[in-house]
Each structure stands twice: as C-alpha cells, then as structure tokens.
Ligand SMILES: Nc1ncnc2c1ncn2[C@@H]1O[C@H](COP(=O)(O)OP(=O)(O)O)[C@@H](O)[C@H]1O
Ligand SMILES: [Mg+2]
C-alpha cells in the first residue's frame with residue numbers, strides 16, 4: 001500500500017467540440033480501491049478510455065493533463081503498452097465475445113500480457129478459483145451465460161493479463177442485487193490479492209462500501225472527493241447518489257412495513 005500507483009492530473013478530454021472532461025485529477029495508490037461516482041454522461045467511461053488510451057477509437061482525444069503509473073507518463077503510449085504496463089480494463093457493458101467459448105474469451109485477455117505460459121496458466125488458475133462457473137462452462141459459448149456470469153467472464157478476461165491495476169466500468173449495471181453483491185465480493189477478493197482497483201459506478205451504495213477513497217464526477221468535473229466513509233456520510237451524496245430523502249421518514253416506512261406483514265406483496 002501507499003506506492004505512487006496511478007496519478008491523473010488535470011486531465012481534459014474532448015470528442016471534437018464536445019468537452020467531456022475538464023481538469024480531472026485523481027490518484028489510485030498502489031493496493032487501494034478508489035471509486036469514481038457519477039450519473040449517466042458524467043464522463044466516467046471517458047476517464048477510463050483516456051487512461052487505457054482507447055479514446056481515439058471513439059473519436060476522442062486528450063486535450064490537456066497527464067496520466068502516470070508509478071511516476072512514469074503513460075499518456076503518450078499505445079493501448080497495448082498500457083496493458084503491458086499492468087493496467088487492464090473491464091469495459092462498460094461487459095463486451096464479451098458472445099460467439100466464442102468462455103475459454104477463448106479468457107485466452108483473448110492474455111494477448112496483451114507480457115508474461116509467458118507459466119504466468120498465463122497461473123492467471124487462469126486464479127480466474128477459475130475466483131469464478132468456478134467459468135471452469136465448469138469453459139467450452140460453452142459466452143452468449144449462453146447469464147448477465148452476471150458474463151460480467152464474471154469480463155472480469156476474468158481482464159485478470160488474464162495479470163494486471164497490477166484493474167479498471168472496472170459499472171460492473172453492477174443491469175445485474176440483480178444478489179448478483180451485484182457477488183461481483184462486489186469478488187472485487188474485494190481481487191483487491192485483497194494485491195491488485196489496485198479503480199471502480200466507476202452509478203451504484204454509489206455498493207461502490208462506497210468497497211472503496212477507501214471516492215470522487216464524484218459531474219458533467220466532466222470532479223465536484224467532491226474524500227475518504228469513502230466521509231462521502232457516504234455527507235448529506236449531498238446521500239441525497240443525490242444514495243437516494244436517501246430523509247432518514248426518519250425512511251425508518252418510519254421500514255417500521256410500517258414490518259408491522260403490516262399483510263402488505264408484503266407490495267414489496268415488489
Ligand atoms: N464517442 C463519443 N462521441 C461524442 N461524444 C461522446 C462519446 N462518448 C461519450 N460522449 C459524451 O461525453 C460525455 C461523457 O460520456 P461518458 O464518458 O460515456 O459518461 P458516463 O460513462 O459517465 O456515462 C457525454 O456528454 C457523452 O455524450
Ligand atoms: Mg459509462
């Protein structure tokens with residue numbers, strides 16, 4: 001813990017005339033879990049594209065600022081060099097290759113890695129330990145997996161490169177709460193194994209439980225940052241991102257539900 005890790009400084013990004021990020025600065029220290037919260041269109045995916053150097057595939061470009069890993073600039077290198085430097089991304093919407101087998105999807109994740117056969121085999125063992133279902137269904141087409149299993153595959157594929165830092169783009173999106181919890185538990189496990197994590201999420205409740213530090217991104221700018229526990233306690237974050245309107249009212253509603261079991265069918 002506490003190494004220099006990833007440092008984003010005053011990063012600005014545009015898609016043609018559209019300014020998507022303005023002077024965004026954030027740090028992901030070695031070993032930490034850091035989250036970036038923000039609604040739709042805040043610039044979360046753009047931030048990850050800028051770090052991974054894939055902006056140009058989407059018609060975007062960095063217009064200012066720097067990105068460094070352990071003090072070395074990575075904002076001028078091609079995407080494969082970012083992977084080789086130890087950063088892997090789990091993209092928005094999973095983007096697994098649905099017509100390929102689970103095993104081939106995982107194999108594709110090792111393509112950008114610097115390690116040899118031994119490292120690849122170790123990475124595959126790690127992925128299978130984290131997600132036994134991916135071993136069980138290795139020869140099935142990825143398109144046959146459930147949404148949650150496809151998210152596991154997307155995470156597993158990123159881990160195949162043996163990254164020191166994992167970037168996760170809304171891994172809980174579209175998943176049932178129970179499956180989102182399982183993904184959260186594996187993120188914790190991956191972190192405990194020593195991988196640093198940058199998690200972008202709209203699901204603030206989930207992300208703030210995992211992270212030690214959090215940033216709020218609004219229309220391309222960081223408007224709030226601090227220890228995750230502090231943000232979770234802040235009125236503004238609770239109101240805007242955790243959907244807490246009034247604590248007493250929420251507690252009353254909970255008590256009312258508990259004392260009227262006949263109404264359970266309304267729980268949805
Ligand atoms: N390929 C693109 N071309 C033009 N504008 C884009 C492109 N991708 C994203 N944007 C714009 O950049 C802003 C940030 O988008 P995005 O990074 O996808 O936000 P988020 O991931 O937080 O939902 C939005 O205004 C969005 O419309
Ligand atoms: Mg996004």
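See the values below:
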{"item": "Extreme residue, nearest to residue 217 (Cα to Cα), among residues of the stretch 1-22 that are within 15 Å of ligand 1 (Cβ to nearest atom) and surrounded by fewer than 19 Cβ atoms within 10 Å (Cβ to Cβ)", "result": "22"}
{"item": "Enumerated helices (runs of 4 or more DSSP H) restricted to the stretch 1-117, each holding at least 2 residues that are within 27 Å of residue 231 (Cβ to Cβ) and within 19 Å of the chain's Cα centre (by Cα)", "result": "44-52"}
{"item": "Any hit, the stretch 198-205, residues being without any contact (Cβ under 8 Å) to a residue 60 or more places away in the chain, within 15 Å of the chain's Cα centre (by Cα) and within 16 Å of ligand 1 (Cβ to nearest atom)", "result": "yes"}
{"item": "Matching residues in the stretch 6-48 - criterion: being without any contact (Cβ under 8 Å) to a residue 12 or more places away in the chain and either in contact with a strand residue (DSSP E or B) (Cβ under 7 Å, 6 or more places away or on another chain) or within 16 Å of ligand 2 (Cβ to nearest atom) (or both)", "result": "18"}
{"item": "Residues of the stretch 207-227 classified as out of contact with any strand residue (DSSP E or B) (no Cβ under 8 Å at 6 or more places or on another chain), within 16 Å of ligand 2 (Cβ to nearest atom) and not in a loop (DSSP other than H, G, I, E, B), total", "result": "1"}
{"item": "Meets criteria (touching a residue at least 40 places away in the same chain (Cβ under 8 Å), away from ligand 1 (no atom under 16 Å from the Cβ) and in a helix (DSSP H, G or I)) for residue 190", "result": "yes"}
{"item": "Qualifying residue in the stretch 107-119 (condition: under 28 Å from residue 205 (Cα atoms) and without any contact (Cβ under 8 Å) to a residue 24 or more places away in the chain)", "result": "no"}
{"item": "Scope the stretch 49-60; condition under 16 Å from residue 166 (Cα atoms) and more than 8 Å from ligand 1 (Cβ to nearest atom); matching residues", "result": "50, 51, 52, 53, 54"}
{"item": "Breaking point among (1) away from ligand 1 (no atom under 16 Å from the Cβ); (2) in contact (Cβ under 8 Å) with a residue 60 or more places away in the chain; (3) buried (at least 23 other Cβ atoms within 10 Å of the Cβ), for residue 213", "result": "(3)"}
{"item": "Members of the stretch 156-198 found to be touching a helix residue (DSSP H, G or I) at 6+ places or on another chain (Cβ under 8 Å), within 16 Å of ligand 2 (Cβ to nearest atom) and over 21 Å from residue 106 (Cβ atoms), listed by number", "result": "170, 172, 174, 198"}
{"item": "Subset of the stretch 80-132 (residues that are within 16 Å of ligand 1 (Cβ to nearest atom) and crowded, with 16+ Cβ neighbours inside 10 Å)", "result": "89, 90, 91, 92, 94"}
{"item": "Condition met for residue 199 (assigned to a helix (DSSP H, G or I) and not assigned by TED's automatic domain parsing to the domain that holds residue 123)", "result": "no"}
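The values are calculated or read from the model by the stated rules, or taken from the named source; none is laboratory data. This is a predicted model, so every value here is computed, not measured. Counting neighbours? That spans all protein chains shown, and the Cβs are built from the backbone with ideal geometry, glycine included.
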